[in-house]
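Undergrad: Here it is: the structure, laid out below.
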Amino acid sequence: MVEQQCTIYINGRQVGFVKDGAAFANEIRKNRRQGLLSGEINVSYVRKLNEVRVLTDRGRARKPYLVVEDGKSKFTEELRKKLQAKEIDFNYLVRRGIIEYLDSEEEEDILAAISEDKITEKTTHLEIDPASNLSIVINSAVFPEYNSIGRHSLISNQSKQSQGLYTINFKNRYDARAYLLYYPQQPLVNSSAYRQLKVKRHAAGQNFVVALTTYYGYNMKDAVVINRSAIDRGLARSVYYKSYSDEERRYPGGQQDKFSIPTPNADGYKGEHAYSKLNEDGIIEPDTAVTEGDVLIGKVSPPRFLEEQTSFGITEEKTRDNSVSVRTGEEGIVDSIAISETLGATKIVKVRLRSIKIPENGDKFASRHAQKGVVGLIENQEDMPFSESGIVPDLLLNPHSLPGRMTAGHMLEMLIGKSVSIHGDLADGTPFGTNGKELMDNYGKILEENGFDKFGDEVLYDGRTGEAFKAKIFTGVVYYNRLTKMVSLQLQVRGRGPVQILTHQPTEGKPRRGGLRFGEMERDALVGHGASLLLKERLLDQSDKTSVWICKDCGDTGYYDYIKNRATCLTCGSSALREVDISYAFKVLLDEIKSLHIMPRVKFREE
Amino acid sequence: MSENKNNFRVAPGEAVGTIAAQSIGEPGTQMVLKAFHQAGVKSNLTVVGLPRIIELVDARKSPKEPLMRIWPQKSDLKKFEKVVELKRKLEEVKLRDVLEKSEENFKNASMSITLKKEKLENYSLTEREVYSRLSKLEGVEISNENHIITIKITKLRGVERSIRDMRVRFINIRNMAISGIEGIGKVTIDQTEDGSFYLVATSNNISGIIDIDGIDKDRIYCNDPFEVMRVFGIEAARNTILRELDDTIRTNGITVSVRHSGMVADTMTFYGNIKSIGRHGVIGSKNSVFARAAYEETVKHFINACVFGETDPLSGVAENILIGKQINVGTGVVRLGIKKEELKKISAKSSKKE
């Protein structure tokens, strides 16, 4: 029998065979650690397919590990001291094969211990830090190890939506949408990765004084109550930038767009009022307050179709209004305007609107422990609970949000944040880097020394009655994010509004001021209730009701001739017609059937 | 009592069909997630849950897991031996079920088989019985020599004795029933809580067993509405659909009033044969062109309506919603029922008073 040979692939290309693949892979690793091979080579042995894969491609994501040999980390105590004394650096360790970078392929081959005391005989690698097996987003959160596991993916999603200082040069940028927090703060409790990555330069939140209490039902089911005075002082205030842009396009045939105020005879002219804020060049001035429907960039385009030649020679050139106006539901002040040229040498204009978003009912907030909630009430400071020392919380969080979700990290952050804010310190909350009991003891002690309860509980007084609450209330300081989902950008109502041309039914979607769909299941619900008139109102009167004249003789649709003052049927010439209310969709259906050369006739029951 | 009864009457114009659909459909969404399986004797009930309901409602011609419950006649209900005897009478045993070895010899077109003793005993058969059953076969010669039965093909349908043809024949012989009723499949004995025995067969062959002695003809139960309809008629089929729907829903731990499943069963069997809930069944036989066109295959219905000059009486729900009329359900069924002449009399009376 032929001996099974192990196939070798370099970057996916087959290059040869060896007898023992595992040994071959180990040989490569050994040479790599000795510096005989480049440290950027990764190798893995796939037992199932009996093949060795060597990868040297660019663009592989790689992660550093400490090498473990014979059950001992190669990063010895001696090296640690040298590193602390800055005699050696990280790259020295990489060159010496003490730290090696592994790609996802090679990671399949190893057994990495999370900490030094977990090393066994089989261990091949050691994590540099227990937190290094977590993602960047989770690493910049605090105390994730005290939260339940499912919360982490939610944290990842929510912290990505937070508003902050996303870049310093925001003044020069024309992002389609941008959110800037007025007074971003660095968190009182942060993590090692947060410091290493210098995330505080782009801080995206503020430290809120939070009391864990219910408040007259205004913060039930994940709602939060916010202190109005705190908002007036600038808490969680942000600015929203929205950019509009347009350019002068060239069309085949030498025609071109032009930025200018359209003349009233232009096709699609929006009315004098809409262009009233434009300058002579057709572009709006900075610092103009605009609301929905106002034109920002006036643009005149050539007509969509070529004009027909008339016998009178040159006709007046027709134009089409192609202006950019503020979208429905948006408003603001023109912040700045940029006029430039594109690569195709056409003029381009960008207009940035600014609007200040003050927290209001329905805005969304989240802590770094997947505790998101919307504002249920903005309460006057004098009516909110206050403590003996006169501290009034910024935010009231419902205590019911904690036990079910098991986010103990949230409470830990509250306690430590409170303790640390007494002296203006910062605290560490690196994943797996702390001991919960020690934290509680140390920071509890600071609280106790300063006259607080060591568990963070406080006697709070009801701002409305002045009486102390019967229970002590857990109060602390937590880092809160204001998320980009704000009601003022989501709000949408419609009473009457635009309809579709084809069906005469209301339009769909927020940009078109659309209605909410009354779908098939909703229809069935009304049928089930036997509410026939309500159903008719929804589906006909409030939708696409039309009145049509129908011939009693031939059953075809006719019309009412207001000149002769009689109804007329064009099919049979009769004037015995009757006006009926039907849905416009049905009229369209009748028309479509007629277009197929089928004659649908409407019969009337004997009167 | 009778007053109470009237309180539970359905009001005129109630949209019973829609309510039934919603009442079955809503818990049905939960059943999708519940992959429920029961182990044990009743393991032959494997198609449960939503697939089974879809099977019933779609009126599939034969169920995926056919099943019959056969009860012995009343005097034998608690006599185990009698039931075993009945089982032997019914259960289909194929030749291959009792084979130990079979060798095919294509040279002289013969197959020699050896029977396995234990298996024969299991089915309470003897070699002699098998032999006599085989000897009834046509076109073969049979010889028994030292417990080896040799079957030699003497006449093959085709002119040529191709190996292929021979093989087909041998396979057919091995699949032949040597006892029991053909097409009845596996039969197991089950016991109710009060100790009476009954048989469960994994097939839908009522007509095959109904004439066998020792069976309680009134109690045969089959889960195939079509087989029930063929043998007992449409009313029995309706009951089968109702019972199967209700059982399936109930085994999933959901309670739906029987009135709703009954509505489905009634609708399906209303036309005298079983119609599915769908475009080939109930919906396809609606008498409104618009209602049919609104559901599926719009063009087909319009073209047919055009060719035959159909008239839509606008009596159902779908067509009235389409054109924008008040629907004929609930508050929409109420009409003014006064005759014009009567109205005149009333107005004459009231004017006299004045």
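Undergrad: Looking only at region A:1-22, filter to residues that are of a type in the set (A, V, I, L, M, F, W, C) and touching a strand residue (DSSP E or B) at 6+ places or on another chain (Cβ under 9 Å); which one of those is nearest to residue A:108 (Cα to Cα)?
TA: A:22
Undergrad: Hey, can you tell me all the residues within region A:485-533 that are over 30 Å from residue A:365 (Cβ atoms), charged (D, E, K, R) and away from chain B (no Cβ under 14 Å)?
TA: Matches in region A:485-533: A:496, A:508, A:512, A:517.
Undergrad: Let me ask something else about it. Pairs only if they're at least six apart or on different chains, beta carbon under 9 angstrom, first in region B:335-350 and of a type in the set (Val, Ile, Thr), second part of a loop (DSSP other than H, G, I, E, B); list them, first residue then second.
TA: If the second residue must be part of a loop (DSSP other than H, G, I, E, B), the pairs left are B:346/B:338.
Undergrad: Given the options A:103, A:89, A:57, name the one that is surrounded by 15 or more Cβ atoms within 10 Å (Cβ to Cβ), under 42 Å from the mean Cα position of the chain (by Cα) and not small (Gly, Ala, Ser).
TA: Of the residues listed, the single one that is surrounded by 15 or more Cβ atoms within 10 Å (Cβ to Cβ), under 42 Å from the mean Cα position of the chain (by Cα) and not small (Gly, Ala, Ser) is A:103.
Undergrad: Of these, B:264, B:307, B:329, B:317, which one is within 25 Å of residue A:587 (Cβ to Cβ), modelled with pLDDT of 85 or more and more than 9 Å from chain A (Cβ to nearest Cβ)?
TA: Exactly one of B:264, B:307, B:329, B:317 is within 25 Å of residue A:587 (Cβ to Cβ), modelled with pLDDT of 85 or more and more than 9 Å from chain A (Cβ to nearest Cβ), namely B:307.
Undergrad: Name, by its number, the condition in (1) within 18 Å of residue A:327 (Cβ to Cβ); (2) of a type outside the set (S, T, N, Q); (3) assigned to a loop (DSSP other than H, G, I, E, B) that does not hold for residue A:496.
TA: The single condition residue A:496 does not satisfy is (1).
Undergrad: Listed residues B:350, B:285, B:257, B:276; which is of a type in the set (S, T, N, Q), out of contact with any Leu (no Cβ under 7 Å at 6 or more places or on another chain), over 28 Å from residue B:235 (Cβ atoms) and away from chain A (no Cβ under 14 Å)?
TA: Sole residue among the options that is of a type in the set (S, T, N, Q), out of contact with any Leu (no Cβ under 7 Å at 6 or more places or on another chain), over 28 Å from residue B:235 (Cβ atoms) and away from chain A (no Cβ under 14 Å): B:350.
Undergrad: Identify the single condition in (1) touching a residue at least 24 places away in the same chain (Cβ under 8 Å); (2) part of a loop (DSSP other than H, G, I, E, B) that residue A:88 does not satisfy, given that it satisfies every other one.
TA: Residue A:88 satisfies every listed condition except (1).
Undergrad: How about region A:337-367: which of its residues are in a strand (DSSP E or B) and of a type in the set (A, V, I, L, M, F, W, C)?
TA: Listed by number, the residues that qualify are A:337, A:338, A:339, A:348, A:349, A:351, A:353, A:356, A:365, A:366.
Undergrad: Restricting attention to region A:568-587, does a residue exist that is among the polar types (S, T, N, Q) and within 14 Å of chain B (Cβ to nearest Cβ)?
TA: yes
Undergrad: Just for region A:166-209: of the residues that are closer than 14 Å to residue A:236 by Cβ and aliphatic (A, V, I, L, M), which one is surrounded by the fewest Cβ atoms within 10 Å (Cβ to Cβ)?
TA: A:180
Undergrad: Next question. Just to be sure, is residue A:432 part of a loop (DSSP other than H, G, I, E, B) and either modelled with pLDDT under 90 or of a type in the set (Lys, Arg) (or both)?
TA: Yes, satisfied.
Undergrad: Right, another one. Restricting attention to region A:1-45, report how many residues are part of a strand (DSSP E or B), hydrophobic (A, V, I, L, M, F, W, C) and touching a residue at least 60 places away in the same chain (Cβ under 8 Å).
TA: Residues that pass the stated criteria total 1.
Undergrad: Search region A:131-151 for residues being part of a helix (DSSP H, G or I) and free of Cβ contacts under 8 Å to residues at least 24 places away in the same chain, and hand back the single one that is nearest to residue A:484 (Cα to Cα).
TA: Only one residue fits best here, namely A:137.
Undergrad: Does residue B:152 fit the bill of being free of Cβ contacts under 8 Å to residues at least 60 places away in the same chain and part of a loop (DSSP other than H, G, I, E, B)?
TA: So residue B:152 fails the test.
Undergrad: Considering only residues that are of a type in the set (Val, Ile, Thr) and either over 24 Å from the mean Cα position of the chain (by Cα) or exposed (fewer than 14 other Cβ atoms within 10 Å of the Cβ) (or both), which ones fall in region B:60-92?
TA: Answer for region B:60-92, where residues must be of a type in the set (Val, Ile, Thr) and either over 24 Å from the mean Cα position of the chain (by Cα) or exposed (fewer than 14 other Cβ atoms within 10 Å of the Cβ) (or both): B:83, B:84.
Undergrad: Is one or more of the residues making up region A:551-572 under 45 Å from the mean Cα position of the chain (by Cα) and charged (D, E, K, R)?
TA: No, there is no match, as no residue in region A:551-572 is under 45 Å from the mean Cα position of the chain (by Cα) and charged (D, E, K, R).
Residue by residue, here is whether (1) surrounded by 12 or more Cβ atoms within 10 Å (Cβ to Cβ); (2) of a type in the set (Gly, Ala, Ser); (3) in contact with a Lys or Arg (Cβ under 8 Å, 6 or more places away or on another chain) holds:
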site: A:507; (1), (2), (3): yes, no, yes
site: A:512; (1), (2), (3): yes, no, no
site: A:531; (1), (2), (3): yes, yes, no
site: A:546; (1), (2), (3): yes, no, yes
site: A:550; (1), (2), (3): yes, no, yes
site: A:575; (1), (2), (3): yes, yes, yes
site: A:578; (1), (2), (3): yes, no, yes
site: A:601; (1), (2), (3): yes, no, no
site: A:604; (1), (2), (3): no, no, yes
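Undergrad: Restricting attention to region A:539-550, report how many residues are facing chain B (nearest Cβ under 10 Å) and either assigned to a helix (DSSP H, G or I) or within 38 Å of the chain's Cα centre (by Cα) (or both).
TA: Adding up the residues that qualify gives 5.
Undergrad: Which of the residues belonging to region A:248-293 are within 15 Å of residue A:339 (Cα to Cα), assigned to a loop (DSSP other than H, G, I, E, B) and in contact with a Leu (Cβ under 7 Å, 6 or more places away or on another chain)?
TA: Matches in region A:248-293: none.
Undergrad: Can you tell me how many residues within region A:180-189 are of a type outside the set (Ser, Thr, Tyr) and in contact with a Ser or Thr (Cβ under 8 Å, 6 or more places away or on another chain)?
TA: Counting residues in region A:180-189 that are of a type outside the set (Ser, Thr, Tyr) and in contact with a Ser or Thr (Cβ under 8 Å, 6 or more places away or on another chain) gives 3.
Undergrad: Is it the case that some residue within region B:270-291 is among the hydroxyl-bearing types (Ser, Thr, Tyr) and at pLDDT below 85?
TA: yes
Undergrad: So for region A:79-88 (the condition being under 26 Å from residue A:134 (Cβ atoms) and of a type in the set (S, T, N, Q)), does at least one residue qualify?
TA: yes
Undergrad: Further question: Among the numbered criteria (1) in a helix (DSSP H, G or I); (2) touching a residue at least 24 places away in the same chain (Cβ under 8 Å); (3) small (Gly, Ala, Ser), which single criterion is violated by residue A:555?
TA: All conditions pass for residue A:555, except number (1).
Undergrad: Going through region A:422-444 one residue at a time, which ones are closer than 15 Å to residue A:142 by Cβ and among the small types (Gly, Ala, Ser)?
TA: Result: A:427, A:429, A:433, A:436.
Undergrad: Additional query: Six or more apart or on different chains, Cβ under 7 Å: which pairs go from a residue in region B:11-30 that's facing chain A (nearest Cβ under 9 Å) to one that's surrounded by fewer than 17 Cβ atoms within 10 Å (Cβ to Cβ) and of a type in the set (Val, Ile, Thr)? Could you list them?
TA: B:13/B:333
The values are calculated or read from the model by the stated rules, or taken from the named source; none is laboratory data. Not measured: the values here are computed from a predicted model. Ideal geometry is used to build each Cβ from the backbone, glycine not excepted, and the neighbour counts take in all protein chains shown.
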